[in-house]
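*Asks:* Dropping a structure here in structure tokens format, bear with me for questions.
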Amino acid sequence: MRKYVPSILFLAILAIAITMACGSSPAPAYMLQSINLSPPTADAQGSPVQFTATGYFNQQPSPVRLVTAQWGACYQNQPTTAVAVSADGLAQCAAGAVGTYTVWTVAQRGGDNCGPAGSVPANPCGGVGECQVTGTALVRCP
């Protein structure tokens, strides 16, 4: 009987380890799926326009107002100085700016494979790729 004790002990430890491993899968990362800007279209009429970014995530809490996003503006997919957007989403048309401009915000998706937050957007109208999510809206300048 003594010659079986090490084998029985090993099998018992193995069974406990397998049982514990089966029920302990890691929770999925809290990841940003999309961003909506509000209002979707605004007419500046010579006054600043406040945009708000809402992030939709793969788990609760969602949706959430985004406060750590980068903002900017573009015109026909090119950078522009005709519209300035502050860090909190306040868009202001420059003197003499006329036309419809895209206001964008970009935030990091999150998750294990995306690296550190705060990387520079990949294009002038927001981010692209698996680690950045962009929301856009339009602003008309007089």
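Nothing in this text is a laboratory measurement; each read-out follows from the coordinates by a stated rule. Model, not experiment: these values are computed from the prediction. Don't worry about glycine lacking a Cβ; one is built from the backbone with ideal geometry, like all the others, and counts go over all protein chains shown.
*Asks:* Using amide H atoms built 1.01 Å from N in the peptide plane, name the residues 5+ places from Phe51, or on other chains, whose amide H lies under 5 Å from its own.
*Replies:* Leu90, Ala91
*Asks:* How large is ³J(HN,Hα) for each residue in the range 137-142, as worked out from phi by the Karplus curve 6.51 cos²θ - 1.76 cosθ + 1.60 (θ = phi - 60°), to whole Hz, x for Gly and Pro?
*Replies:* 8, 10, 10, 9, 9, x
*Asks:* So for the pair Val67, Ser86, with labels modelled 7 Å out along Cα→Cβ, what separation do we get in nm?
*Replies:* A separation of 1.5 nm, rounded to one decimal place.
*Asks:* Further, regarding this structure: Ordered by residue, what ³J(HN,Hα) values in Hz, to whole numbers, does the range 41-58 give under the Karplus form 6.51 cos²θ - 1.76 cosθ + 1.60, where θ = phi - 60° and Gly and Pro are x?
*Replies:* My calculation for the range 41-58 gives 9, 9, 9, 5, 6, x, 10, x, 10, 8, 9, 10, 9, 10, x, 10, 10, 6 Hz in order.
*Asks:* Quote the FRET efficiency, to the nearest 0.05, computed for Ala94 versus Gln50 with a Förster distance R0 of 22 Å and r equal to the Cβ-Cβ distance. The partial results should precede the final answer.
*Replies:* Working: r = 17 Å, r/R0 = 0.79.
That pair, Ala94 with Gln50, gives E of 0.80.
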